[in-house]
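A.B. asks: I am attaching a structure below and will ask some questions about it afterwards.
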Ligand code: 5AD
């Protein structure tokens, strides 16, 4: 079988521009059916634990940026994180994500390494002989640090590029963060051996459809294994409060189209239905699943600190591990002809194929 040619930039721009009506529905249906063909109908779960909201960065869009004095900073204890991980495993979530503000201080790096080791050792079971799958999302680190965490047992890493347009990247990161450093970090992750995820924010001020098309081509060029992306949501205590952006409905629809197009171009990768979608629409994540997404990340952060991890407003505080929520999710999936896949790591077919190459 000859491989399908990658859709070109013109085609991608046309897809992303399809607002409303039959054309948008046709795009959705095409992405959904390609997903079923390449990855099946399963939805994999990762429990999301936000281990610290302390951050060394001052990204203009982010609610936990260093300069935001309104945030009470926290760091979870090793025992607490391991207990949450065991809870994930007991619920059948085969993987988890440890996320945090960007920190490179020694005590934090030690905490991550020790926690990863313990989670791998203490969540082994007949279902998960090698313990939970662990994805890290801890920002830019040195290659040595990435290697240290990999050696401890993490095997996937999410590092969003935020936008692949260098001019726009510089505008939202004026405090000395460089796109080149981000790109080098993505290269380091690959060299170390991680499955690599990235993503962008959708609907940033001055971001064009062409920029978003280039983001998709960037994912393709960098042979990315997984994507997490969602709408930009201005946070009141950041310098980007009140910036001129498309309205919430337009941003949501655009984010859903981005997911569909990412599926059509990247085919067999994992795409997360991200929480930011839910902040704009209570069923935003469930909708994303019908546009080609295949991963859900139920929030497992202790309820007491959730209010302190508000990257953007409207981030839900609800207890996603609550039985009623899990039931509601299963019902929604059944209605879509989908099902949860439990007790597996849920690596993307794309990453598995690379390993075999
Ligand atoms: N709106 C939407 N997404 C945001 N993020 C940070 N701030 C915002 C915001 N205001 C996203 C970034 C970051 C991820 C952890 O959260 O893409 O990489």
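A.B. asks: How large is the helix-only mean residue ellipticity at 222 nm for the chain, computed as the sum of -39500 (n - 2.57) over DSSP H runs with n ≥ 4, divided by its residue count, in deg cm²/dmol to the nearest 500?
C.D. replies: -13500 deg cm²/dmol
A.B. asks: If you don't mind, there's one more thing I want to ask. With all distinct Cα pairs included, what does the Kirkwood hydrodynamic radius of the stretch 97-144 come out to in Å, to one decimal, could you say?
C.D. replies: Mean inverse Cα-Cα distance, inverted, gives 11.8 Å.
A.B. asks: Next up: Of 285, 187, 46, which is the most mobile in a GNM of the chain whose springs link Cα atoms less than 10 angstrom apart?
C.D. replies: 187
A.B. asks: When all C-alpha to C-alpha distances in the chain are sorted into bins of 10 Å, what percent of pairs does each bin hold, rounded to whole numbers?
C.D. replies: 5, 26, 37, 26, 6, 0
A.B. asks: Normalised by the number of residues in the stretch 152-293, what is the relative contact order in percent for Cα pairs under 8 Å and 6+ residues apart?
C.D. replies: 22
A.B. asks: Relative contact order, percent, of the stretch 1-148 when contacts are C-alpha pairs under 8 Å separated by at least 6 residues?
C.D. replies: Across the stretch 1-148, relative contact order equals 21 percent.
A.B. asks: Now for a separate question. Report the gain in length on full extension from residue 357 to residue 331: 0.36 nm times residue separation, minus Cα-Cα distance, nm rounded to one decimal.
C.D. replies: The span from residue 357 to residue 331 would gain 5.6 nm if fully extended.
A.B. asks: Take residue 306 and residue 79, extend 7 Å from each Cα along the Cα→Cβ direction, and tell me the distance between the two endpoints in nm.
C.D. replies: Each label point is offset 7 Å from its Cα along the Cβ direction, giving 2.4 nm.
A.B. asks: Which residue fluctuates the most in the chain, going by a Gaussian network model with Cα springs under 10 Å, if the choices are 180, 78, 143?
C.D. replies: Among 180, 78, 143, the largest GNM mean-square fluctuation belongs to 180.
A.B. asks: Could you work out how far apart the two model spin labels at residue 9 and residue 283 are, taking each label as a point 7 Å from the Cα in the direction of the beta carbon, and quote it in nm?
C.D. replies: Modelled inter-label distance: 3.8 nm.
A.B. asks: Mind jotting down the three principal axis lengths of the stretch 12-96 based on Cα atoms? Whole angstrom, largest first.
C.D. replies: Largest to smallest, the principal-axis extents are 49, 38, 17 Å.
A.B. asks: Another one. What residues of the stretch 221-256 lie in the reach of a label at residue 175, counting those whose backbone N is under 13 Å from a point 7 Å from the Cα along Cα→Cβ?
C.D. replies: Of the residues in the stretch 221-256, 238-240 have backbone N under 13 Å from the label point off residue 175.
A.B. asks: With 10 angstrom as the radius, rank 355, 171 by how many other C-beta atoms surround their C-beta, starting from the fewest.
C.D. replies: Ordered by Cβ neighbours within 10 Å, fewest first: 355, 171.
A.B. asks: To continue, here is another question. Averaged over every viewing direction, what's the projected area of the C-alpha convex hull for the stretch 108-188? Give it in nm², one decimal, please.
C.D. replies: 6.1
A.B. asks: Could you give the semi-axes, largest first, of the ellipsoid that matches the stretch 1-157, computed as the square roots of 5 times the alpha carbon gyration tensor eigenvalues and rounded to whole Å?
C.D. replies: Values for the stretch 1-157, descending: 35, 24, 16 Å.
A.B. asks: Just subtract the alpha-carbon distance of residue 70 and residue 244 from 0.36 nm times their residue separation and send over the number in nm, one decimal.
C.D. replies: Separation in residues times 0.36 nm, less the Cα-Cα distance, equals 60.3 nm.
A.B. asks: Next question. Just to be sure I understand: of the beta bridges DSSP finds with both ends in the stretch 49-138, what percent are antiparallel, rounded to 5?
C.D. replies: 10
A.B. asks: Determine the percent antiparallel among the DSSP beta bridges restricted to the chain, to the nearest 5.
C.D. replies: Bridges in the chain that DSSP calls antiparallel: roughly 5 percent.
A.B. asks: Once the piece of chain linking residue 344 and residue 222 is laid out straight, how much longer is it, given 0.36 nm per residue of separation minus the C-alpha distance between them?
C.D. replies: Going from the current span to full extension adds 41.3 nm.
A.B. asks: Tell me the relative contact order for the chain as a rounded percent, counting alpha carbon contacts under 8 Å between residues six or more apart.
C.D. replies: Relative contact order, the chain: 25 percent.
A.B. asks: Which of 324, 100, 17 ends up with the largest GNM mean-square fluctuation for the chain, with Cα atoms connected below 10 Å?
C.D. replies: For the chain, modelled as a Gaussian network with Cα springs under 10 Å, the answer is 324.
A.B. asks: OK, next. Can you give me the Kirkwood hydrodynamic radius for the stretch 173-270, using every pair of distinct Cα atoms, in Å to one decimal?
C.D. replies: So the Kirkwood estimate lands at 14.8 Å.
A.B. asks: How large is the Kirkwood hydrodynamic radius of the stretch 204-357, counting all unique pairs of alpha carbons, in Å?
C.D. replies: 16.9
Read the figures in this text as sums done on the coordinates, not as results from a lab. From a predicted model like this one, the values you see are computed outputs, not experimental measurements. Glycine also receives a Cβ, built like all others from the backbone with ideal geometry; neighbour counts cover every protein chain displayed.
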